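The values are calculated or read from the model by the stated rules, or taken from the named source; none is laboratory data. Predicted, not measured: the structure shown is a model, and the values here were computed from it. No Cβ is skipped: glycine too gets one built from the backbone with ideal geometry, and neighbour counts run over all protein chains shown. Note: areas computed on protein heavy atoms with side chains; ligands, DNA, RNA excluded. Shrake-Rupley method; radii C 1.70, N 1.55, O 1.52, S 1.80 Å.
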Amino acid sequence: MIKTHILGFPRIGEQRELKTALERHWRGELAAEALEAQAAELRARHWRLQQRAGLDHVTVGDFALYDHVANLIQLFGCEPARFGFSGRETPLQRYFVMARGSTAHAHSEACGCGAAPGDAAAALEMTKWFDTNYHYLVPEFDAGTAFSLHPERLLAEVDEAIALPASPKVALLGPVSFLHLGKSREDGFDRLALLERLLPAYEQLLARLAARGVTWVQLDEPVLGLDLAPAWQAALRQAYARLARAELPLPMLASYFSPLAGNLALACELPVAGLHVDAVRAPDELLAVARCLPRERELSVGIVDGRNIWRSDLEAALQRLREVRELRGGRLWVAASCSLLHLPFSLRQDRALDAELQAWLAGAVEKLDELRVLRRALWGDEAGVARELAESRAARAARAASLRVRQAAVAARVAALPADADRRHSPFPARQAAQRRRLRLPAFPTTTIGSFPQTPAIRAARAAFRRGELPQADYRQAMRQEIELAVRKQEALGLDVLVHGEAERNDMVEYFGEQLAGFAFTANGWVQSYGSRCVKPPVLFGDVSRPQAMTVDWTVFAQSLTARPMKGMLTGPITILQWSFVRDDQPRADTALQIALAIRDEVAELETAGIAVIQIDEPALREGLPLRRDARADYLAWATRAFRVAASPVRDDTQIHTHMCYAEFNDILPDIAALDADVITLETSRSGMALLRAFGDFRYPNEIGPGVYDIHSPRVPEAAEMQRLLRKAAEVIPAGQLWVNPDCGLKTRGWPETEAALRHMVDAARALRGEGA
Ligand SMILES: Nc1nc2c(c(=O)[nH]1)N[C@@H](CNc1ccc(C(=O)N[C@@H](CCC(=O)N[C@@H](CCC(=O)N[C@@H](CCC(=O)O)C(=O)O)C(=O)O)C(=O)O)cc1)CN2
Ligand SMILES: [Zn+2]
């Protein structure tokens, strides 16, 4: 028997309905009931699409108002005690306080959240979901963590699906990954010790689902794609010995994003009813799994790419699925490789894509249709889907043959690239001396990470320009005024190295994608990044080149307004690669090098235009790190080289900055050093001093700006707080190497808190200069 299913569906909605509803709710314009109604409407719509595609089950439990990991924190009753919830709040209020911090809602005695006015609880830490640009909220565990089941929200969703009517398969993160993805709040506390306490809550939940008539539960254990220590492997054995019981729903264990490798035998041994594997990320393992997994278990083959937007080669997929079916004696589930969360809702009618490109692409809805076709063909009705199969073949062939994909000049340039194109002229000490002579900055120089508040007025002007209602000249003039405003404010604050503020950019990757050849962009291809925040990843379909300068005019204009150094602001090749949908017809390394060459030309042109400081952001360098250790060295070699190729055309006295955030960097410090940026600014407020100590222990050779305050919350820290942080930093990193800056860009903030926080930051730097620390 052949079944089809998906691991999860995008929840933000075709027109970002969920984003709109959430933001209105947070502004106090939409009641909780209306928000919940909108969410239910989206779920029902998305299940109907799944039914229309003939899936055997609709997936329930993948929906979340903010984040699916945060949902589990409430489901299993382990909200951290530090939030001080009184029990008078509604679950929804507590959920948003955990997600956004307690100052994020209008906090007053009237708000009913229970905390005393003035009490501020920081939001849960947010971190990258494996190697994606999705961010989850990190559960916090300590020896006192207890679990209790609060299944009302999930059971209500199951009931909604049953009422549709549809057959629900409930999808949940499994217990071992849930613990693994959390963090221990106390040094030395091993969160695995909580497994024994957590499993009963899972068991109770599964029993409740069984009572509802749910037959299948998908338990995601993406940690199977990591190199697991023996204790974590043992935890998987322990957990599934307990959860796979006759009276409970059948568990389908799901692995994705990475090969099973050393966990393959383990995954096949666990006493579950089915195993899902990612046949896109681990194509070579598929047959080994098909042979190893006991015959009575279901094998779910993730053959349709859930991470990229290319239309599938359905005939090739069918051939592989038939091989697997042969090996397993007929039974098979067919699926997308991972949840479709990481894809745009649909690309079929996107206004911004031309017809040729559109025919090559598939969003989430189109991927559902691919599953429909595969199902029918495998059920023996290949003739009934002959047209779809032919279309898929034609689309792949057209893409392979298209003249838009290859550019001879790009290939020639890559081939002729000298081996030392990734080297600056002189080693860092000589550059540092030259830059000090040119820039004449004080000790503890202050700067910001690039963006200033993207105000509603900026967004509205750009939207009007896009709709053709604001002439280009007026739009440019409006953005110049925003830049001038940002420059004046920075001068008044007394910052040392200024930025233009990025007002003209919709997004730090999309902006470059729109201007580079080889990229296409969509009008509505939104993908959730965290909470209500979305990105529209550009589509990198062909060889990359830079038809004209992308940032030079804006930067030169900004520099003309001030005598202080204006930092040019670029996004680096790895971040552009990582945050775009990239071609699958050549190695990522080759694509990265092409982007690097385009950025290199922009760097050179900024220098020629007189810009003395240039920042090349690489927040996604760590995110691109392969999940399996054995693939890391190769990635780091080509990724750091691509950065250096972009950064190296400049003179010694031009200062190159880079910036990183949203990740743990400790395991790639040597590679960060190998970027050889003159200055690196880092997010540190979340991981705190541990990260800096690692930089200190490693004797990080170049200059470094540890973020002295968290930009994710409107909270304005006192100067004394930032001073303390800087003094601590100076204990582990020589003071002469230190810069003073926030954690990340300020685009999601408002001006009042931005100015207040930066004023305190400049005060902190001045105080340290006075101390001669
Ligand atoms: N690509 C990317 N990934 C990243 C980051 C990042 O900056 N970029 N930062 C980190 C955190 N992730 C983030 C992701 C998104 C946003 C963010 O602010 N997103 C904005 C959208 C930004 C954008 O593309 N804006 C466009 C379009 C905005 C829009 O929706 N406009 C309305 C109209 C608005 C109006 O009339 O006022 C519309 O088109 O309907 C623009 O400014 O032009 C949002 O969801 O609200 C922030 C952080 C890690 N990953
Ligand atoms: Zn950042």
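If you filter the stretch 258-271 down to residues that are part of a loop (DSSP other than H, G, I, E, B) and open to solvent by less than 10 Å² (accessible area, probe 1.4 Å), you find that the one that is nearest to ALA210 (Cα to Cα) is LEU270.
Just the residues that are assigned to a loop (DSSP other than H, G, I, E, B) and of a type outside the set (Gly, Ala, Ser), please, taken from the stretch 739-773. Matches in the stretch 739-773: TRP739, PRO742, ASP743, CYS744, LEU746, LYS747, THR748, ARG749. Residues of the stretch 499-550 that are part of a strand (DSSP E or B) and either acidic (Asp, Glu) or within 17 Å of LYS747 (Cβ to Cβ) (or both): GLY501, SER529, TYR530, ARG533, CYS534, VAL535, ASP543. Please find, among ALA620, ALA589, the residue that is in contact with a helix residue (DSSP H, G or I) (Cβ under 6 Å, 6 or more places away or on another chain), within 16 Å of ligand 2 (Cβ to nearest atom) and at pLDDT 95 or above. Only one candidate qualifies: ALA620.
Search the stretch 698-751 for residues being within 16 Å of ligand 2 (Cβ to nearest atom) and of a type in the set (Lys, Arg), and hand back the single one that is least open to solvent (accessible area, probe 1.4 Å). This residue is ARG749. For ALA517, are the conditions met, namely being more than 14 Å from ligand 1 (Cβ to nearest atom), over 24 Å from the mean Cα position of the chain (by Cα) and under 21 Å from PRO573 (Cβ atoms)? Considered against the rule, which asks whether it is more than 14 Å from ligand 1 (Cβ to nearest atom), over 24 Å from the mean Cα position of the chain (by Cα) and under 21 Å from PRO573 (Cβ atoms), ALA517 comes out as yes. Pairs please, first residue from the stretch 507-521 and touching a residue at least 60 places away in the same chain (Cβ under 8 Å), second anywhere and assigned to a strand (DSSP E or B) and β-branched (Val, Ile, Thr), Cβ atoms under 6 Å, 6+ apart in sequence or on different chains. From residues that are touching a residue at least 60 places away in the same chain (Cβ under 8 Å), the pairs are MET508/THR571; VAL509/THR571; PHE512/THR571; LEU516/VAL544; GLY518/VAL544; ALA520/VAL539. Taken together, GLN586, GLN559 contain a single residue that is assigned to a loop (DSSP other than H, G, I, E, B) and open to solvent by 20 Å² or more (accessible area, probe 1.4 Å), which is GLN586. The set of residues in the stretch 412-438 that are more than 18 Å from THR654 (Cα to Cα) and either surrounded by 15 or more Cβ atoms within 10 Å (Cβ to Cβ) or in contact with a helix residue (DSSP H, G or I) (Cβ under 9 Å, 6 or more places away or on another chain) (or both) comprises ARG413, VAL414, LEU417.
Annotation: ALA517 fulfils all but one of (1) in contact with a Gly (Cβ under 9 Å, 6 or more places away or on another chain); (2) more than 18 Å from PHE581 (Cα to Cα); the unmet one is (2). Looking at the stretch 431-464, which of its residues are within 16 Å of ligand 2 (Cβ to nearest atom) and either on the phi < 0 side of the Ramachandran plot or hydrophobic (A, V, I, L, M, F, W, C) (or both)? Passing the criteria: THR447, THR448, ILE449, SER451, PHE452, PRO453, GLN454. All of (1) in a helix (DSSP H, G or I); (2) under 30 Å from ARG629 (Cβ atoms); (3) at pLDDT 95 or above hold for GLY736 with one exception: (2). Figure legend. Inter-residue proximity from the stretch 374-391: first residues assigned by TED's automatic domain parsing to the domain that holds ALA53, second residues charged (D, E, K, R) and open to solvent by 50 Å² or more (accessible area, probe 1.4 Å), beta-carbon distance below 7 Å, spacing 6+ or different chains. Indicated pairs: GLY384/ARG376; VAL385/ARG376; LEU389/GLU315. When residues in the stretch 568-602 are screened for being of a type in the set (Phe, Trp, Tyr) and closer than 13 Å to LEU516 by Cβ, 0 of them pass.
Going through GLY84, GLY28, GLY13, GLY54 one at a time, which residue ends up being under 30 Å from ALA146 (Cβ atoms) and either surrounded by fewer than 22 Cβ atoms within 10 Å (Cβ to Cβ) or away from ligand 2 (no atom under 16 Å from the Cβ) (or both)?
Of GLY84, GLY28, GLY13, GLY54, the one residue that is under 30 Å from ALA146 (Cβ atoms) and either surrounded by fewer than 22 Cβ atoms within 10 Å (Cβ to Cβ) or away from ligand 2 (no atom under 16 Å from the Cβ) (or both) is GLY84.
Scanning the stretch 175-229 for residues that are more than 23 Å from the chain's Cα centre (by Cα) and either part of a loop (DSSP other than H, G, I, E, B) or not assigned by TED's automatic domain parsing to the domain that holds TYR134 (or both) gives ARG185, GLU186, ASP187, GLY188, PHE189, ASP190, ARG212, GLY213, VAL214, THR215, ALA229. Taken together, the residues in the stretch 514-539 that are crowded, with 22+ Cβ neighbours inside 10 Å and either in contact with a Ser or Thr (Cβ under 6 Å, 6 or more places away or on another chain) or modelled with pLDDT under 95 (or both) amount to 2.
Taking the condition closer than 27 Å to LEU570 by Cα and either more than 16 Å from ligand 2 (Cβ to nearest atom) or surrounded by fewer than 22 Cβ atoms within 10 Å (Cβ to Cβ) (or both), does ILE680 pass? In short, no. Scanning the stretch 323-342 for residues being of a type in the set (Lys, Arg) and in contact (Cβ under 8 Å) with a residue 60 or more places away in the chain gives a total of 2. Against the test of being in contact (Cβ under 8 Å) with a residue 60 or more places away in the chain and more than 27 Å from ALA401 (Cβ to Cβ), the options LEU561, LEU597 yield a single qualifying residue, LEU561. Figure legend. Inter-residue proximity from the stretch 747-765: first residues in the same structural domain as TYR709 (by TED's automatic domain parsing), second residues open to solvent by 40 Å² or more (accessible area, probe 1.4 Å) and of a type in the set (Asp, Glu), beta-carbon distance below 9 Å, spacing 6+ or different chains. Indicated pairs: HIS760/GLU718; HIS760/GLU721; ALA764/GLU718; ALA764/GLU721.
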